[in-house]
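Scroll down for the structure; my scribbles are underneath it.
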Amino acid sequence: MQLLLQSLTLALLNGAIYALMAMGITFIASIMRIINWSTGEFYMVGSFAHLALLTVIFPALGLTLPMAWLLSALLAMGLVFVLGMVVQRTLIAPMHRPGTQAFEYATIMTVALSVLLQNGAIMIAGPNQYSVPDYMRPILLEDLEIVLNGSRVASGLAALAIILLFYVLLYRTSLGLAFRGIAQNRLAAETAGLNLKTMDMLAFGIGTGLCAVAGALLAPVFLVHPLNGAAATMKGFEIIVIGGIGSLGGAVVAAFGLALVEGLGATFYRAELQQLYGFVFLIGFLVFRPQGLFGHRERRV
Amino acid sequence: MDFELSGKLAIAAAAAAFLTATATSAMAQANATPVNIGVLTPLSPPGDSAAGQLIVRGAELGAKYVNQRLGGVWNSTCPAPGPVNIVKGDDSGLAEKGMAALRSLVTNDKIAGVLGTYDSTVALAVQPLAEQYKLPLLVTQASDDKISGNHTKFTFMTHTIARDRSDVVEAFIKSYGFKRVAILAENTDYGTSSGPDMQKRFVDGGMSSQLWIFDKTNPDLLPTLLQVKKFAPDVIYNMGVGAPAYLIVKQSADVGLLPKTPMIISYDLPIRPEFWRNLGELGKNMIFLSYYQPKQVLTDAGKWLQEEYRKSYNEPALYSSLAAFGNTIVLAQAMNAACSTEGEKVSGALVKGGFTSWNQTGVAFKQSDGVDWQRSVQPIMVLQYTKANQGFGDATILYPPNMKTGELVR
Amino acid sequence: MMPQSSMIDLLSATRKLPASWWPNELTPGVAAALATAFLPLMLNDYQLQVMWVAFYLAVLAISWNLVAGYGGMFSLAQHALATIGGYSSAAAVLALGLPVWWGVVCGGLAAALLGYLLGHATLHLRSLYFAIATWVFAEVARQLITINYEITRGAMGLQVPYLFSTLDPIAYFYLFLGLLLVAFGASAILLRTKLGYRIQAVRDDEELAIANGVNAARAKRTIFAMSAGMAGMAGAMYGHAVGLLAPSQADFSQMSLIIIAAVLGGYRTLWGPIIGAILIQAVAEMLRFSQEGRLVIFAALLIVVFRLYPQGVMGALKILATLLRRRRQAEGKTQ
Amino acid sequence: MSTADALLNVAGLGVGYVPGIDILRNIDLRAERGKVTTIIGPNGAGKSTLLRCIFGLLPARRGTVEFAGSIMEATAPDRRKLDGMAYVPQHHSTCPQLTIEENLRLGGWLLRRRKPEMQARLDEIYERFPVLAERRRIKATQLSGGQLRTLAVAKELIVQPRLMLLDEPSVGMSPKVAQEVYAMLAALPSQGVTVLLVDQNITDAVAMSDSVYLIAEGGVQRHGTGRWFTENISDVIREMLQGA
């Protein structure tokens, strides 16, 4: 019972984090119709930026703030947001030339980009793993005999807050309406007078920024090293297929679902199959509900 | 027009003359070319480039030591010793890349010996090539016992195999009376070669033991650790390498296994400078295996290495660097003993002789039975930190009994 | 979206096939292979080793180009299918005691069968989902091979017998050159059959093709299975050439290499994958001097080339040819 | 007719998708202020392509598009929209999973920073199209074909464009619904909107047009007033069929 409770609690926390990882990918995929294979690398860049800010730059500036980690994570997000926009404008947008297969060429560009970022990080950051100080003290729920990692709780909460903010952006602002419009029908958005080039750039920036803040928030939990983005990519892809590309609600529900399936499967059955539980879950969706949880069958345009 | 053409011709002639001169001088230098020793190791993904870099550092310092302290190596004509030079070959952790890299080292760099292999797959794939080229291959850090079990003439194992490690951990755990052992091993060649072997021994030895193999790329080990918690072990053996090793420690604390349950880390990760930064209080009372302890008496070579390494990289050398360093100087000694850089003779010398390495044990490659074929056994120690932020040198030696400096703190 | 007229051309071509089955591209292909056959006279062991690996990569890139370029199915499982071919061959040779060559055949068949099943399960999906689904298949394959280490020896690597008694890379050079020629010829001929025209029509506009009486699902499945078989056979030969199998062959980085080879050379061209594979293999080896920075430089180069020539080497050559023709025409006019 | 009256003036336009193949070779046409201009022509004549090019979705290979006295240089459709051009494509110009109101607000993107104005325009649209007002909280995917078309037009009308480019407004509709749509379009000029229409529904479209162009084989084959075309439509069709 205690085991079940603990694994449920952890799945809940993981779900928030998974959702944050997936949202960036699903957002980019739904707006630009490409798979961003460098998602995990932006996650990694975010975690390194956070590490540098929190452990080198802030102390150097003599900054001692109460919630420095949050500020630093948000700054890391901002940095990667800008980096993402630059990358989109210089490398990805030009692949959408008339007469080229936009989806394929842009996807290939992100593959090359991921090789570059990953190996660049290995070259610069060297062989070691790093961590940042814990965000919060561990939380002891004595009645239930459960200990919760403070950083996990803090980053889970921060992830939820960011998801909420993103939700507000998407559903309560005209910019969000524009993004939702583009996701469904690029032509309809274009006739409405939207500049799709700018919107694509913004979308890529926001998507990579979301991945980066996930990396930053998780720095004390999952460490900072050049290959730490692999899991983010994997979870992100699983979640967007389960949730349906372009569905924010789907991504959130799928993230919690995946965390639950993985957590319970690994806790109560065989732990080494942990990654495969997610895959089985996903294959089920591909077979029985290929459009995902809340996805809608794409219309051919 | 004519003038222009003749001008161009003149420039071309000058360039040709310059090139010829350079080439000749390069060829003249080539006669004094140092003896090349190859380091075949992962330097790019999907290989573990972190380990590869440490191995390269050790080998390069090894070459420096050979040149400064041993005065180089004697080559086949024995007129005078020449310097050795390290040539890196990146195997990316892939068998086929390893083969290409080794062929490149042999054909382009004319290496006289090779060391550094980290992945068992690469070691196994290049082993037949070493035979083909009659090239001494010193396996620095691959742990599959098949490598020595293949009984090939030019392969020499200096790394511990699953059995050695199991021996030590088993003896340690028995002597301290632990009864329930949880083993967490990653799904790499390291984990899958040692993990199952170890669990079998514990079970055969009347203890209860469970093994969990986890995916190295999966950063979330909590579900696994919840199972471990359910098993209620009295000791946890952490067989992660790099990031997973840290993750096991951190997440064990998350599920409440630490600090109550003692944990053994399977290699000398805790001597890394970032260990305390990453883990803080959690690192207190950490038990770990090491091939080296600063208070241990080193050979002169070993002392030299630690000093130089600290100078160059501002941190203590890890086993990867020590082992690659040791391999390099052993190879040089064998060349000197054979008074040759020819593979056949060097191999012969390696089998016959005993060599100095960084530790006091020395290195010898006897052609013994089974997995002990041309394999030099490394002593393994079990250490424990007793305070947070403790220096590596202050860690207690718990095992072997003859080196023991203190008691286990629980 | 391609204009309707060429679609109609494509489909009407399925009714009246060209008179000769021998494709024009095949003649220079055979000639190039013959010329390449003399290369070992000039190359050392290391270069031969690099070359045969390049040929192997080229075969995989051809097989992927067939599915993705000509078939419009952006599969991310080619490397996994090759790995499965390797392990299947190993199973046939080590467990059943079959001769190595039979193992290679088994490897190809096993991969083709799995490819057919995979196609059956995923080909109805839309592009993004299909890509992710095939990627999942590859990941599952890699993880299963790793986890079942009692059978596969997991990451420790499975030693398998060599194809030839010698380790001399020259033997493998000719083996893979032959395989490459077969793969090249097979895809050149395939593209001139009814099936080849149909699959391209389906790629350009599936609904229109179906309306014109093409069984799109069957055409896609068949091509997918054929390409999987090609990859599986190459993977099996590769296993017996390296003497070792490891789950790292199913790592996504290997898939990126295949994609990069095909696109760098020229996506949706017959020669592209071959040129691309040889080019990246050569560049990667030339960059050995840069050690840790190797892949950084490599990736940066790739990005610059993709950015300037999204159509790859073949595209650049086409532009060059047009320029030359125009210049010649201009010269003709002035004279 | 002087060019001063023309809101849109297309001269010598050549357009194509594939290198070497021009869909449109040489198009000259004008849309007069406050009038309805219709383009008719056989299937595949490039009528839709022409509208796409005028709106800037496709670059012109040759010739010029002059709108409100200035030549459109950049191909960016968002600039043209800002200048007062609006385009209703043939298919799917609404977002199926957005509600009616969200679709309209998306159409009013240019007004996003002027909240009161946006609200006023929305109210205006709802007043004019009660069918949309009733369903403002419903997703567009639940609308019928005619309602969807109305929404598509309303979505562009919300910014009060000077020129409406309409591609086959009645395609796939029952005759009754089509009648409603044409009635709505016929009323546009009285509100100061110039209309350029592409249509296959020749009879209805021509009947409400002031000026009609017949395009085929990449060029304008015939040009006349709506009345002339109405009277001679059977001859024109016969001529086209014989020519083809």
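Per-structure values
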item: In sequence order, calculated HN-Hα J values of the stretch C:211-217 (Karplus, 6.51, -1.76, 1.60; Hz; x Gly/Pro); result: 4, 8, x, 8, 7, 4, 4
item: Relative contact order for chain B, counting Cα pairs under 8 Å that sit 6 or more residues apart, in percent; result: 17
item: B:Thr386 - accessible surface, heavy atoms, 1.4 Å probe, Å² rounded to 10; result: 40
item: Highest-first arrangement of B:264-270, A:24-30, where packing means the average Cβ count within 10 Å; result: A:24-30, B:264-270
item: Residue with peak Gaussian network fluctuation, chain C [Cα springs, cutoff 10 Å], from C:Thr36, C:Thr83, C:Thr322; result: C:Thr322
item: Estimated FRET transfer efficiency (C:Asn215, D:His91; beta-carbon r; R0 35 Å; 0.05); result: 0.85
item: B/A buried area, accessible surface, summed, 1.4 Å probe, Å²; result: 3000
item: Probe 1.4 Å - accessible area at B:Asp204, Å² to nearest ten; result: 110
item: Value at 222 nm in deg cm²/dmol, rounded to 500, when DSSP H runs of n ≥ 4 in chain A each add -39,500 (n - 2.57); result: -23000 deg cm²/dmol
item: Estimated FRET transfer efficiency when R0 is 60 angstrom, pair C:Lys194-A:Ile57 (beta carbons, to 0.05); result: 0.40
item: Gyration tensor (Cα) of the stretch A:23-67, equivalent ellipsoid semi-axes in angstrom; result: 32, 11, 6
item: Estimated FRET transfer efficiency when R0 is 41 angstrom, pair C:Val105-B:His151 (beta carbons, to 0.05); result: 0.80
item: Qualifying lysines (Cα of each under 30 Å from Cα of C:Lys194; at least 8 residues distant if same chain); result: C:Lys16, C:Lys220, C:Lys318
item: Number of partner chain Cβ atoms within 10 Å, mean per residue of B:107-120; result: 2
item: Dimensionless Rg ratio for chain D, taking C-alpha atoms and the 2.2 N^0.38 Å reference; result: 1.00
item: Euclidean distance between Cα centres, the stretch B:296-323 to the stretch A:112-178, Å; result: 38
item: Residue order for D:Arg136, B:Arg57, D:Arg33 - accessible surface, 1.4 angstrom probe, largest first; result: D:Arg33, D:Arg136, B:Arg57
item: Residue mean of other protein chain beta carbons inside 10 Å, B:335-348; result: 0
item: Over the stretch A:143-273, relative contact order from alpha-carbon pairs under 8 Å, at least 6 apart, %; result: 17
item: Convex hull volume per residue for chain A, taking Cα atoms only, in Å³; result: 146
item: Shielding by partners, peptide D:97-106 (average Cβ within 10 angstrom, other chains); result: 5
item: Antiparallel %, DSSP beta bridges [both residues in the protein assembly as shown], to 5; result: 45
item: Distance (nanometres) between label positions extended 7 Å along Cα→Cβ at C:Thr322 and D:Ala120; result: 5.2
item: Local electrostatic count at D:Glu117 - Lys and Arg +1, Asp and Glu -1, tallied over other residues with Cβ under 14 Å; result: +4
item: Per-peptide average of other Cβ atoms within 10 Å, ordering D:151-158, B:351-358 highest first; result: D:151-158, B:351-358
item: Degrees between helix D:145-157 axis and first principal axis of chain D (Cα, 0 to 90, nearest 10); result: 90
item: Charge tally in the Cβ shell below 12 Å around B:Glu60, where Lys, Arg are +1 and Asp, Glu are -1, B:Glu60 excluded; result: +2
item: Whether the stretch D:26-83 is rounded, prolate or oblate, judged on the alpha carbon gyration tensor where a/c under 1.5 counts as rounded; result: oblate
item: Calculated SAXS-style log₁₀ I(q)/I(0) at q = 0.09, 0.12, 0.14 Å⁻¹ - chain B, Debye, Cα scatterers; result: -0.57, -0.94, -1.22
item: Estimated [θ] at 222 nm from DSSP helical runs (n ≥ 4, -39500 (n - 2.57)) normalised by residues in chain B, nearest 500; result: -14500 deg cm²/dmol
item: Cβ-based net charge around B:Arg410, under 12 Å, with every Lys or Arg adding one and every Asp or Glu removing one; result: 0
item: Packing-based ranking, highest mean first, of C:253-266, D:114-127 given that Cβ atoms within 10 Å are counted; result: C:253-266, D:114-127
item: The stretch C:161-179 and the stretch C:70-98: distance between their alpha carbon centers, rounded to Å; result: 19
item: Whole-number percent relative contact order across the stretch D:95-159, with pairs defined as alpha carbons under 8 Å at least 6 apart; result: 54
item: At least 27 Å along the helix axis (C-alpha) and Kyte average at least 0.5, DSSP helices within chain B; result: B:2-31, B:319-338
item: With at most 16 neighbouring Cβ atoms within 10 Å, loop trypsin sites (Lys or Arg not before Pro) (DSSP) excluded, longest segment of chain C; result: C:127-335
item: Gyration tensor verdict on chain C (Cα atoms; rounded if a/c is under 1.5, prolate if a/b is larger than b/c, oblate otherwise); result: oblate
item: Between the stretch B:352-394 and the stretch D:76-130, the Cα center-to-center distance that results, in Å; result: 76
item: Gaussian network model of chain C, springs between alpha carbon atoms under 10 Å - residue of C:Gly178, C:Gly239, C:Gly196 with greatest fluctuation; result: C:Gly178
item: Over 23 Å (Cα to Cα) - which of B:Lys64/B:Lys352; B:Lys230/B:Lys260; B:Lys345/B:Lys366; D:Lys35/D:Lys81; B:Lys295/B:Lys366; B:Lys216/B:Lys387 fall in this group; result: B:Lys64/B:Lys352; B:Lys295/B:Lys366; B:Lys216/B:Lys387
item: For chain C, calculated [θ]222 nm from helices alone, where every DSSP H run of n ≥ 4 adds -39500 (n - 2.57); result: -23500 deg cm²/dmol
item: Accessible surface of the protein assembly as shown, 1.4 Å probe, proportion on carbon and sulfur as whole %; result: 61
item: Mean projection area, nm², convex hull over Cα of the protein assembly as shown; result: 58.2
item: GNM result for chain C, Cα springs below 10 Å: residue of C:Leu57, C:Leu66, C:Leu167 fluctuating most strongly; result: C:Leu167
item: Rounded if a/c under 1.5, otherwise prolate or oblate - the stretch A:110-207, Cα gyration tensor axes; result: oblate
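The values are calculated or read from the model by the stated rules, or taken from the named source; none is laboratory data. Predicted, not measured: the structure shown is a model, and the values here were computed from it. Here Cβ is always computed from backbone atoms with ideal geometry, including for glycine, and neighbour counts include all displayed protein chains. Note: accessible area is taken over every heavy atom of the protein model, side chains too, but ligands, DNA and RNA are not part of it. Shrake-Rupley method; radii C 1.70, N 1.55, O 1.52, S 1.80 Å.
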